[in-house]
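Enquirer: Before I ask anything, here is the structure I am working with.
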Amino acid sequence: MKAITWLALSLILSASPVAAADGISGEREQELQNLLIQDCGSCHGLQMKGGLGPALLPEALRGKSAEYLSTVILHGRTGTAMPPWRFLLSEAEARWMAERLLQGVTQ
Amino acid sequence: MIRVIASLAFLLLINTPAMARGTGDLGLFIERASSSVQIVETSSNTSIGSVAGLGDLSHASVVYSRDQRYAYIFGRDGGLTKVDILKAEISQRKLQSGNSIGGAISQDGRLVAVSNYKPGGVKVFDADTLELVADIPATFGDNNQRSKVIGLVDAPEGKFVFALWDAGEIWVLDMSQRDRPVIEKFKNIGRNPYDALITGDGRYYIAGLFGEDGMAMLDLWNPSAGVKRILPDYGKGEQKLPVFKMPHLEGWAVAGDLAFVPAIGAHEVLVINMRDWQEAGRIKVHGQPIFVMARPDGRQVWVNFAIPNNDTIQVIDTQTLAVIKQLKPGKGVLHMEFEPRGEEVWLSVRDENRVEVYDTRSFERRNTIPATKPSGIFFTARAHRIGL
């Protein structure tokens with residue numbers, strides 16, 4: 001019985017390792033995931049295969065660092081359709097998204 | 001004789017009872033996360049069926065056959081699906097490119113054109129068989145680069161019109177002789193046209209520009225006059241706000257001589273006087289407008305917004321140019337579609353997983369339909385309108 005409780009607890013903890021590190025709550029992670037798929041997806045494709053914006057699949061991003069990607073996310077790219085998200089996302093949240101993109105976003 | 005009766009009986013059998021109804025009060029909405037559509041009826045404000053297996057439907061759009069029975073659904077993954085809305089089933093499906101963005105049906109209903117991002121261009125298919133009729137690569141520049149194509153619409157006299165995002169061009173494709181496509185190109189229309197529309201009479205094609213101020217207008221009755229810039233001073237010298245979602249120009253909102261379009265990079269709806277194409281006003285609104293759609297009688301204009309204001313709808317009175325109503329249907333209001341005569345409007349509320357029907361006079365909610373991440377809503381009345 002006790003073992004099961006422990007198992008459940010460790011599952012809960014390991015389900016959101018990034019949350020623990022960055023102080024992003026599980027609920028906020030859900031929101032970010034939804035934003036990534038739905039709203040970033042409106043330009044990059046729901047499956048990140050590209051649209052008005054380029055594909056953001058792990059293969060397409062190979063060699064690019066999470067730091068670089070989160071800078072693009074926060075500040076956008078002037079002169080292109082990529083908007084700056086710093087009004088809506090914190091640095092930690094942009095970083096979380098960058099890491100999700102590098103891992104591959106699944107619905 | 002017996003054979004005739006037998007086949008008649010057979011015909012009756014397969015044609016009843018499911019077929020014994022019209023389709024003028026039907027439509028569908030896209031459920032983009034589940035690759036499906038729900039078929040809806042506007043007389044009862046209910047969902048009457050659903051069709052799955054339609055691929056990646058982000059940004060999907062729909063046109064209807066002239067008999068209003070078949071919906072052609074253009075998916076992001078390049079899928080072109082013909083859905084029989086009476087039988088609620090797929091009648092044909094084709095993967096036509098890597099990445100598509102929209103489509104149009106020809107004036108005579110015999111051709112369906114699809115615009116593609118990748119590889120950039122337009123493909124034209126037979127509306128019956130979905131066989132390829134013409135492949136028009138959107139090449140530009142010295143190295144034959146391919147441009148993403150946006151703003152594809154049908155126009156009178158068997159034409160399609162579209163714009164090239166990367167090239168800054170408008171092309172008129174004459175498909176009146178299907179085995180001999182003729183293309184007329186208009187270059188240097190402005191940087192990054194992001195969407196376009198055609199007026200309800202099929203005369204003016206207007207592309208919104210993301211990379212420059214103003215809009216590019218082509219008078220299809222006088223193409224030799226070339227493309228003109230309208231509202232050239234709009235937004236000049238002003239700090240642009242970030243655009244978290246590209247506005248849509250599909251809902252050409254016209255009331256009398258006035259047209260209403262979303263500004264880009266400003267929280268405003270622009271009013272254009274169509275007599276002289278001058279700016280006739282700017283209406284401050286709640287966020288970056290996405291769809292600016294007129295009720296079919298033109299008395300109201302309904303506006304939805306980009307994130308983070310996409311929980312709100314504002315209604316503008318076209319006589320006073322004032323915002324007369326603000327609604328908060330819920331998070332992620334993505335699209336709206338008026339019933340053919342405008343007494344009710346349907347809204348998709350993506351993040352709340354529902355579609356809602358509102359009375360446009362009392363602004364009361366009439367019904368709510370559960371849905372999975374709903375986006376575009378399309379009623380069959382579009383079948384008989386130019387540019388939709």
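Enquirer: Taking region B:70-102 as the search range and keeping residues that are closer than 12 Å to B:V112 by Cα and within 14 Å of chain A (Cβ to nearest Cβ), which one is modelled with the lowest pLDDT?
Expert: Across region B:70-102, the extreme among qualifying residues is B:G102.
Enquirer: Would you say B:P296 is surrounded by fewer than 22 Cβ atoms within 10 Å (Cβ to Cβ), more than 14 Å from chain A (Cβ to nearest Cβ) and not aliphatic (A, V, I, L, M)?
Expert: Judged against the criteria, B:P296 is a match.
Quick grid of which residues meet (1) over 23 Å from B:D25 (Cα atoms); (2) in contact with a helix residue (DSSP H, G or I) (Cβ under 9 Å, 6 or more places away or on another chain); (3) of a type in the set (D, E); (4) outside the structural domain of B:T199 (by TED's automatic domain parsing):
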position: B:T320; (1), (2), (3), (4): yes, no, no, yes
position: B:G332; (1), (2), (3), (4): yes, yes, no, yes
position: B:M336; (1), (2), (3), (4): no, no, no, yes
position: B:D351; (1), (2), (3), (4): yes, yes, yes, yes
position: B:R354; (1), (2), (3), (4): no, no, no, yes
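Enquirer: Looking at region B:33-68, which of its residues are surrounded by 18 or more Cβ atoms within 10 Å (Cβ to Cβ), modelled with pLDDT of 95 or more and touching an Asp or Glu at 6+ places or on another chain (Cβ under 6 Å)?
Expert: B:T42 - this is the single residue of region B:33-68 that is surrounded by 18 or more Cβ atoms within 10 Å (Cβ to Cβ), modelled with pLDDT of 95 or more and touching an Asp or Glu at 6+ places or on another chain (Cβ under 6 Å).
Enquirer: What pairs come up if the first residue lies in region B:204-220 and is within 14 Å of another protein chain (Cβ to nearest Cβ), the second is polar (S, T, N, Q), and their beta carbons are under 7 Å apart, counting only those six or more places apart or on different chains?
Expert: Hits for this filter: B:L209/B:N192; B:F210/B:N192; B:G211/B:N192.
Enquirer: Taking A:Q47 as meeting all but one of (1) within 12 Å of chain B (Cβ to nearest Cβ); (2) on the phi < 0 side of the Ramachandran plot; (3) at pLDDT 90 or above, write down the number of the exception.
Expert: Every listed condition holds for A:Q47 apart from (3).
Enquirer: Something else about it: Return yes when B:R365 is without any contact (Cβ under 8 Å) to a residue 40 or more places away in the chain and of a type outside the set (S, T, Y) and no when it is not.
Expert: yes
Enquirer: Limited to region B:152-203, what total is found for residues that are on the phi < 0 side of the Ramachandran plot, part of a loop (DSSP other than H, G, I, E, B) and within 14 Å of chain A (Cβ to nearest Cβ)?
Expert: The qualifying residues number 3.
Enquirer: Now for a separate question. Scanning region B:343-361 for residues that are more than 14 Å from chain A (Cβ to nearest Cβ) and part of a loop (DSSP other than H, G, I, E, B), which turns out surrounded by the most Cβ atoms within 10 Å (Cβ to Cβ)?
Expert: If we take residues in region B:343-361 being more than 14 Å from chain A (Cβ to nearest Cβ) and part of a loop (DSSP other than H, G, I, E, B), then B:T360 is surrounded by the most Cβ atoms within 10 Å (Cβ to Cβ).
Enquirer: Hey, any hits in region B:362-370 for a residue that's buried (at least 23 other Cβ atoms within 10 Å of the Cβ) and assigned by TED's automatic domain parsing to the domain that holds B:V301?
Expert: Looking through region B:362-370, none of the residues is buried (at least 23 other Cβ atoms within 10 Å of the Cβ) and assigned by TED's automatic domain parsing to the domain that holds B:V301.
Enquirer: Follow-up question, since we're still on this one. Could you figure out which of (1) in a loop (DSSP other than H, G, I, E, B); (2) among the acidic types (D, E); (3) within 23 Å of the chain's Cα centre (by Cα) isn't true of B:E337?
Expert: (1)
Enquirer: Next up: For region B:290-334, name all the residues that are part of a loop (DSSP other than H, G, I, E, B) and either of a type in the set (S, T, N, Q) or on the phi > 0 side of the Ramachandran plot (or both). Step through it out loud before you land on a result.
Expert: If we filter region B:290-334 for residues that are part of a loop (DSSP other than H, G, I, E, B), which is where we start, we get B:295-299, B:306-312, B:318-321, B:328-332.
Scanning region B:290-334 gives B:G298, B:N309, B:N310, B:T312, B:T318, B:Q319, B:T320, B:L321, B:G330, B:G332.
Enquirer: In addition: When only residues in region B:126-151 that are among the hydrophobic types (A, V, I, L, M, F, W, C) and under 17 Å from B:D77 (Cα atoms) count, which is farthest from the other protein chains (Cβ to nearest Cβ)? Steps first, please.
Expert: Step one: filter region B:126-151 for residues among the hydrophobic types (A, V, I, L, M, F, W, C), giving B:127, B:130, B:132-134, B:136, B:138, B:140, B:149-150.
The next check asks that each one be under 17 Å from B:D77 (Cα atoms); those that pass are B:130, B:149-150.
Values: B:L130: 23, B:V149: 11, B:I150: 8 Å.
Filtering first and then ranking leaves B:L130.
Enquirer: If you go through region B:325-347 one residue at a time, do you hit one that is over 22 Å from B:I39 (Cα atoms) and in contact with a Pro (Cβ under 7 Å, 6 or more places away or on another chain)?
Expert: Checking region B:325-347: not a single residue is over 22 Å from B:I39 (Cα atoms) and in contact with a Pro (Cβ under 7 Å, 6 or more places away or on another chain).
Enquirer: From B:D276, B:D311, which residue is among the acidic types (D, E) and farther than 19 Å from B:K245 by Cα?
Expert: Numbers: B:D311 fails: farther than 19 Å from B:K245 by Cα.
Matching residue, one of B:D276, B:D311: B:D276.
Enquirer: Let me ask another. Determine whether B:A225 is within 22 Å of B:L270 (Cβ to Cβ) and at pLDDT 95 or above.
Expert: So B:A225 does not fit the description; no.
The values are calculated or read from the model by the stated rules, or taken from the named source; none is laboratory data. Model, not experiment: these values are computed from the prediction. All Cβ positions, even for glycine, are placed from backbone atoms using ideal geometry, and neighbour counts span all protein chains on display.
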